[in-house]
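Here is the structure we will look at, set down as structure tokens.
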Amino acid sequence: MAMMKMKIYGYRLRALLSTSLSSSPFHSVPSRTFSSSSFENVGFIGLGNMGSRMANNLLKAGYKMTVHDVNCNVMKKYSDMGVSTKQTPSEVAEASDVVITMLPSSSHVLNVYNGPDGLLQGGDLLTPQLFIDSSTIDPQTSRKLAVSVSNCILKEKKDNWENPVMLDAPVSGGVVAAEAGSLTFMVGGSEDVYLAAKSLLLSMGKNAIFCGGPGNGSVAKICNNLAMAISMLGLSEALALGQSLGITASTLTKIFNSSSARCWSSDSYNPVPGVMQGVPSSRNYSGGFASKLMELLILTGSNMLGHISTSIELH
């Protein structure tokens with residue numbers, strides 16, 4: 001049943017992406033060179049399992065940070081570390097040249113940007129030159145926010161930055177890679193802005209890949225998550241079957257990792273406790289990408305396709 005749902009989602013996702021890509025609200029703009037020299041003050045909103053580790057790596061890289069999270073205990077932790085903390089996203093924006101958000105869902109991102117005391121509550125005049133959203137959300141939300149940001153103007157213009165801009169830059173690698181600073185960023189937006197932000201992104205990861213226009217980073221992330229979820233489901237079923245028939249998960253994993261079944265889920269994020277250290281399964285499944293978030297992502301994709309016929313023929 002789970003595989004059937006994934007297959008249905010795959011069909012719907014193809015229809016969604018082909019529709020959304022053909023209706024992008026952005027037009028080509030003249031190429032400009034943007035400087036990253038003005039990224040002295042970095043704001044970070046969303047200090048959960050992923051965000052806290054990403055923020056920590058920015059601190060290690062020497063950036064001056066201002067942070068916000070709804071969890072008061074997390075805020076106290078950063079305050080005790082000497083990091084500037086703010087009570088609202090708008091206060092973070094006032095103190096930052098660039099703001100990074102890492103939040104659970106589209107609704108959280110929209111609230112942080114457009115809600116009371118949100119990042120865009122400065123009206124037409126904004127302090128940050130750049131907004132980077134690393135949340136896993138739908139492409140339409142990413143594109144709408146990029147339009148909203150680009151319609152604002154900067155309080156103070158620096159270098160070639162005439163208007164604030166936004167990149168959608170979701171990540172892959174999970175908590176382990178966030179901790180190690182080895183995330184992969186999938187980036188949508190202006191290529192010139194991507195190049196200016198690349199050194200900042202590489203302070204938190206080992207790869208930053210430009211995916212095209214606004215929203216395309218979110219497109220890449222949805223496709224990546226779909227493929228990963230299918231491989232994790234298949235691997236989990238295979239390991240469960242093998243164990244029920246008398247072969248250990250460790251032995252099966254050795255076989256998979258030296259044969260055609262090898263995948264990221266088997267060699268880097270094994271789901272069976274005791275097979276691999278430093279992954280969620282080795283710590284009672286804490287600190288990983290929650291299954292409820294994967295389900296929410298799939299449901300979000302399905303809901304976006306309400307205008308597309310749900311009569312799908314499966315072959």
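Below is a table of values for the structure above.
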item	result
Sole exception among (1) open to solvent by less than 20 Å² (accessible area, probe 1.4 Å); (2) on the phi < 0 side of the Ramachandran plot for Gly46, by number	(2)
In the range 125-134, residue most open to solvent (accessible area, probe 1.4 Å) [restricted to those that are farther than 16 Å from Thr88 by Cβ and either in a helix (DSSP H, G or I) or in contact with a Lys or Arg (Cβ under 9 Å, 6 or more places away or on another chain) (or both)]	Leu125
Any chance Gly122 is more than 26 Å from Ser268 (Cα to Cα), over 18 Å from the mean Cα position of the chain (by Cα), open to solvent by less than 10 Å² (accessible area, probe 1.4 Å) and free of Cβ contacts under 8 Å to residues at least 40 places away in the same chain	no
Listing of helices (runs of 4 or more DSSP H) fully contained in the range 172-277 that carry 1 or more residues being outside the structural domain of Met54 (by the TED database) and open to solvent by less than 30 Å² (accessible area, probe 1.4 Å)	216-244, 249-256, 264-267
Residues located in the range 91-106, provided they are part of a helix (DSSP H, G or I), modelled with pLDDT of 95 or more and either open to solvent by less than 30 Å² (accessible area, probe 1.4 Å) or not assigned by the TED database to the domain that holds Gly48 (or both)	Val92, Ala93
Close pairs from the range 58-69: first part of a loop (DSSP other than H, G, I, E, B), partner not polar (S, T, N, Q), Cβ under 7 Å, at least 6 apart	Tyr63/Val42; Asp69/Gly46; Asp69/Leu47; Asp69/Met75
Given (1) open to solvent by less than 50 Å² (accessible area, probe 1.4 Å); (2) touching a Phe, Trp or Tyr at 6+ places or on another chain (Cβ under 6 Å), number of the condition Asn160 does not satisfy	(1)
Gly242, sole failed condition from (1) in contact (Cβ under 8 Å) with a residue 12 or more places away in the chain; (2) in contact with a helix residue (DSSP H, G or I) (Cβ under 7 Å, 6 or more places away or on another chain); (3) not hydrophobic (A, V, I, L, M, F, W, C)	(1)
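The values are calculated or read from the model by the stated rules, or taken from the named source; none is laboratory data. Quick caveat, the model's predicted, so the values are computed rather than measured. Every residue, glycine among them, receives a Cβ derived from its backbone with ideal geometry; neighbour counts consider all protein chains shown. Keep in mind that these areas ignore ligands, DNA and RNA; they rest on the heavy atoms of the full protein, side chains included. Shrake-Rupley method; radii C 1.70, N 1.55, O 1.52, S 1.80 Å.
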